[in-house]
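**Student:** Sending over a structure as structure tokens; questions will come in a sec.
The values are calculated or read from the model by the stated rules, or taken from the named source; none is laboratory data. Predicted model, so just to flag it, every value in this text is computed and none were measured. Note that each Cβ is placed from the backbone with ideal geometry, even for glycine, and that neighbours are counted across all protein chains shown. With ligands, DNA and RNA removed, areas are computed over all heavy atoms of the protein, side chains included. Shrake-Rupley method; radii C 1.70, N 1.55, O 1.52, S 1.80 Å.
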Amino acid sequence: MPLSADLVRLAFVPEDAYGVTPANPEFQVMRVTGESVNFAPTTTNSNEMNPNRGVTDLILTGGSVSGDIPFELAYEHWLNLFLAMAMCNTWEADSIQVGKTLLSATLEKYLPVDPGTTELYHRVPGTIVDGFSLNIAPNAVITGTFSVLGKSMDPDEAPLVGATCIDPAYNPVMAAPTVTDITLAGVVATTECFSNMVVNLANNNRAVECIGFLGAKEMVLGRAEVSLNFSLYFSDNDLLQMLLDQEAIAISFKLVDTAEPANWYEFEFPRVKLSQANADATGTGADVVYEAVGQALLDPVTGTQMIITRSPEPFVPAVTTIDGAVVTNNAAADGVAINTVRFTARDQNGDPMQGVPLTFSVDKGTALPAPVSANTAADGTATVNVTDTAAEVVNVTATYNLVQKSQAVSFV
């Protein structure tokens, strides 16, 4: 039976090593408007001579995985991770700039041909983001596209062992009316009227193809090129003069949603030179509009071509690691064993979560008494004493709360 595209789910999990899907992967479900990620084979006809004049074989000699993932811009954790892949860098204090670290993920396309009976998967390990575009136009939502390259495409008929999926928060989609703080040449452009804005980042990455491998053995970073296209209703000669003078200008703008409190992204290009500033009178009934093209250049002050700043994430999924001795058995006054578990709550970057409020519970499949103590230190490290009347291993669950949201992390 036909499969509706509405049922297809696209998700990814970051990789620690290129092309290696983590064990028990936690896939981030993506909000997308489509996808075209496919394996493009390289084939060669056999040149064997044949008295019947026919081609004797079609040989698969290579191939590559690539495609586009279009989306509507909304503040999401998955998007922040994908932006980091596109920028080849990690977020630092809610800011990121073009870097030189190749980040990869395993991309998974879920295809429920017959839900509950036939559920197929296409997985692309070694997925990297080769670039992205962002499009802003009046009377429209803000849209974008990620262009990806992959190591290989692996079909499967079952989910990965231990795999889970994390759904998006479904924050509001951002639209043109809520774009704010547009600055041109360092001046807030409150009197200007923009009719179009497009941002393009091309990483120019390339696949390394080797004998003994089908597809890419690895990926190599190329030169990052950032460009801006924008349309501006003509009101003065400033843009043309900037082009003629080859003046380096700063451009920035802020994209905001309608949530309470609002989520936002700010894009900053500290050093831009124009390569086009056309102001054409195209015909009757049309307005004179600057069609401008700018190249974002390496800025010696910030050390980058583009900076993206985000509003703080309301909730950051954390990894819990256990340090030191995991369990120590202490003789209690009543002779009941006390298990002491010590752990540190860490964020997605592996940094300790400072001052995180923690609550504790136990789960052994049967009723257990509550922890006899739960003390939280300022560095995010806590000690929990759990009474285990059966002297068995106890599953301890730590719940930490951030901005009215919580996430449970369990360990033994």
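**Student:** Restricting the search to region 167-191, which residues are modelled with pLDDT of 85 or more, open to solvent by 50 Å² or more (accessible area, probe 1.4 Å) and not in a strand (DSSP E or B)?
**Tutor:** Of everything in region 167-191, those that are modelled with pLDDT of 85 or more, open to solvent by 50 Å² or more (accessible area, probe 1.4 Å) and not in a strand (DSSP E or B) turn out to be D167, A169, Y170, P177.
**Student:** For region 23-36, how many residues meet the condition of being modelled with pLDDT under 95 and open to solvent by 30 Å² or more (accessible area, probe 1.4 Å)?
**Tutor:** So the count comes out to 3.
**Student:** Here is a follow-up. Which numbered condition in (1) surrounded by 15 or more Cβ atoms within 10 Å (Cβ to Cβ); (2) within 19 Å of L107 (Cα to Cα) is the only one that A74 fails?
**Tutor:** Every listed condition holds for A74 apart from (2).
**Student:** Report yes if some residue within region 280-288 is in a strand (DSSP E or B) and closer than 13 Å to F230 by Cα; otherwise report no. Walk me through it before giving the result.
**Tutor:** Filtering region 280-288 down to residues in a strand (DSSP E or B) leaves 280.
Remaining after also requiring closer than 13 Å to F230 by Cα: none.
No, region 280-288 contains no residue that is in a strand (DSSP E or B) and closer than 13 Å to F230 by Cα.
**Student:** Continuing with this model, one more query. Select from region 247-306 the residues that are among the β-branched types (V, I, T), farther than 30 Å from N171 by Cα and open to solvent by 70 Å² or more (accessible area, probe 1.4 Å) and write down the one among them that is modelled with the lowest pLDDT.
**Tutor:** Step one: list which residues in region 247-306 are among the β-branched types (V, I, T), which gives 249, 251, 256, 258, 272, 282, 284, 288-289, 293, 301-302, 304.
Keeping just the survivors that are farther than 30 Å from N171 by Cα gives 249, 272, 282, 284, 288-289, 293, 301-302.
Within this subset, residues satisfying the condition of being open to solvent by 70 Å² or more (accessible area, probe 1.4 Å) are 282, 284, 301.
Working: T282: 88, T284: 92, V301: 95.
Within region 247-306, the match that is modelled with the lowest pLDDT is T282.
**Student:** Of the numbered conditions (1) under 25 Å from the mean Cα position of the chain (by Cα); (2) under 30 Å from V208 (Cα atoms), E157 fails exactly one; give the number of that condition.
**Tutor:** (1)
**Student:** Within region 106-123, restricting attention to residues that are more than 19 Å from T33 (Cα to Cα) and of a type in the set (A, V, I, L, M), which residue is surrounded by the fewest Cβ atoms within 10 Å (Cβ to Cβ)?
**Tutor:** Filtering region 106-123 for residues that are more than 19 Å from T33 (Cα to Cα) and of a type in the set (A, V, I, L, M), the one surrounded by the fewest Cβ atoms within 10 Å (Cβ to Cβ) comes out as V113.
**Student:** For residues in region 84-105 being farther than 21 Å from V220 by Cβ and aliphatic (A, V, I, L, M), which is most open to solvent (accessible area, probe 1.4 Å)? Lay out the reasoning, then the answer.
**Tutor:** If we filter region 84-105 for residues that are farther than 21 Å from V220 by Cβ, which is where we start, we get 91-96.
Remaining after also requiring aliphatic (A, V, I, L, M): 93, 96.
On the way: A93: 100, I96: 4 Å².
Residue satisfying both the conditions and the ranking: A93.
**Student:** Go through (1) of a type in the set (S, T, N, Q); (2) in contact with a Pro (Cβ under 7 Å, 6 or more places away or on another chain); (3) at pLDDT below 95 one by one and return the number of the condition T106 breaks.
**Tutor:** Going through (1) of a type in the set (S, T, N, Q); (2) in contact with a Pro (Cβ under 7 Å, 6 or more places away or on another chain); (3) at pLDDT below 95 one by one, T106 breaks only (3).
**Student:** Quick check on region 5-12. Is at least one of its residues open to solvent by less than 60 Å² (accessible area, probe 1.4 Å), within 24 Å of N89 (Cα to Cα) and touching a Ser or Thr at 6+ places or on another chain (Cβ under 7 Å)?
**Tutor:** Here is the first cut: in region 5-12, the ones open to solvent by less than 60 Å² (accessible area, probe 1.4 Å) are 8, 10-12.
Those left that are additionally within 24 Å of N89 (Cα to Cα): 10-12.
Among the residues that remain, those that are also touching a Ser or Thr at 6+ places or on another chain (Cβ under 7 Å) are: 12.
Scanning region 5-12, I find at least one residue that is open to solvent by less than 60 Å² (accessible area, probe 1.4 Å), within 24 Å of N89 (Cα to Cα) and touching a Ser or Thr at 6+ places or on another chain (Cβ under 7 Å), so the answer is yes.
**Student:** Restricting attention to region 192-241, which residues are among the hydrophobic types (A, V, I, L, M, F, W, C), in a loop (DSSP other than H, G, I, E, B) and open to solvent by 30 Å² or more (accessible area, probe 1.4 Å)? Let's see the steps before the verdict.
**Tutor:** Step one: filter region 192-241 for residues among the hydrophobic types (A, V, I, L, M, F, W, C), giving 193-194, 197-199, 201-202, 207-208, 210-211, 213-214, 216, 219-221, 224, 226, 228, 230, 232, 234, 239-240.
Adding the requirement that they be in a loop (DSSP other than H, G, I, E, B) leaves 193, 210-211, 213-214, 216, 221, 224, 234.
Once the filter is applied, which keeps residues that are among the hydrophobic types (A, V, I, L, M, F, W, C), in a loop (DSSP other than H, G, I, E, B) and open to solvent by 30 Å² or more (accessible area, probe 1.4 Å), region 192-241 yields C193, C210, I211, F213, L214, L221, F234.
**Student:** Same structure again: For residues that are assigned to a strand (DSSP E or B) and out of contact with any Pro (no Cβ under 6 Å at 6 or more places or on another chain), tally how many sit in region 123-160.
**Tutor:** First, the residues of region 123-160 that are assigned to a strand (DSSP E or B): 123-136, 141, 143-150, 154-156.
If we keep only those that are out of contact with any Pro (no Cβ under 6 Å at 6 or more places or on another chain) as well, we get 123-136, 141, 143-144, 146-150, 154-156.
Summing the residues that are assigned to a strand (DSSP E or B) and out of contact with any Pro (no Cβ under 6 Å at 6 or more places or on another chain) in region 123-160 gives 25.
**Student:** Could you pull out the residue among T56, T43 that is closer than 28 Å to L214 by Cβ, open to solvent by 70 Å² or more (accessible area, probe 1.4 Å), without any contact (Cβ under 8 Å) to a residue 24 or more places away in the chain and not acidic (D, E)? Before the answer, list the steps.
**Tutor:** On the way: T56 fails: open to solvent by 70 Å² or more (accessible area, probe 1.4 Å).
Result: T43 is the single residue among T56, T43 that is closer than 28 Å to L214 by Cβ, open to solvent by 70 Å² or more (accessible area, probe 1.4 Å), without any contact (Cβ under 8 Å) to a residue 24 or more places away in the chain and not acidic (D, E).
**Student:** Hey, any hits in region 105-118 for a residue that's part of a loop (DSSP other than H, G, I, E, B) and in contact (Cβ under 8 Å) with a residue 60 or more places away in the chain? Full working, then the answer.
**Tutor:** So the first thing to find is which residues in region 105-118 are part of a loop (DSSP other than H, G, I, E, B), and the list is 115-117.
Among the residues that remain, those that are also in contact (Cβ under 8 Å) with a residue 60 or more places away in the chain are: 115.
For region 105-118, residues part of a loop (DSSP other than H, G, I, E, B) and in contact (Cβ under 8 Å) with a residue 60 or more places away in the chain: present.
**Student:** Among the numbered criteria (1) among the charged types (D, E, K, R); (2) within 30 Å of V161 (Cβ to Cβ); (3) over 13 Å from the mean Cα position of the chain (by Cα), which one does D57 miss?
**Tutor:** The failed condition is (2).
**Student:** For region 119-161, what are the residues that are without any contact (Cβ under 8 Å) to a residue 60 or more places away in the chain and at positive phi?
**Tutor:** N139 - this is the single residue of region 119-161 that is without any contact (Cβ under 8 Å) to a residue 60 or more places away in the chain and at positive phi.
**Student:** A further question on this structure: With respect to the numbered conditions (1) within 30 Å of L103 (Cβ to Cβ); (2) at pLDDT 90 or above; (3) touching a Phe, Trp or Tyr at 6+ places or on another chain (Cβ under 8 Å), which one is the sole condition not fulfilled by N204?
**Tutor:** So the condition that N204 fails would be (3).
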